[in-house]
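We did not get these values from a lab; they are worked out from the coordinates using the rules stated. Here the structure is a predicted model, which is why all the values come from computation and not from measurement. Here the Cβ positions follow ideal geometry from the backbone for every residue, glycine too, while neighbour counts run over all protein chains shown.
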Amino acid sequence: IAGKETPYDAFVCTSGTFLVGENDVLLLPSSTSTAISTRYHVRAVRRVYDGYTTIDHTCAFVTKEVT
């Protein structure tokens with residue numbers, strides 16, 4: 001992103017008003033159980049601009065925490 005190589009496991013797209021920065025940790029639900037959450041470390045953030053007036057959404061590139 002922006003000229004740097006960023007390894008990531010997944011990316012999370014959110015609304016444009018979702019505040020997230022690099023080195024944040026996201027706690028997201030598991031796809032197999034509602035009682036289990038998975039921690040993801042944010043490696044890069046990209047705010048997608050529609051070219052007119054507003055930022056449409058935010059994409060966070062994340063890596064899964066290994067436990």
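Restricting to Cα pairs below 8 Å that are 6+ residues apart, what does the relative contact order work out to for the chain? Please round to a whole percent.
Values: 124 pairs, mean separation 26.2, N = 67.
Relative contact order, the chain: 39 percent.
Lys and Arg at +1, Asp and Glu at -1: add these up for the other residues within a Cβ distance under 14 Å of Glu65 and post the number.
+1
Taking a ≥ b ≥ c as the square roots of the eigenvalues of the Cα gyration tensor of the chain, is the shape rounded (a/c under 1.5), prolate (a/b larger than b/c) or oblate?
Verdict is oblate for the chain.
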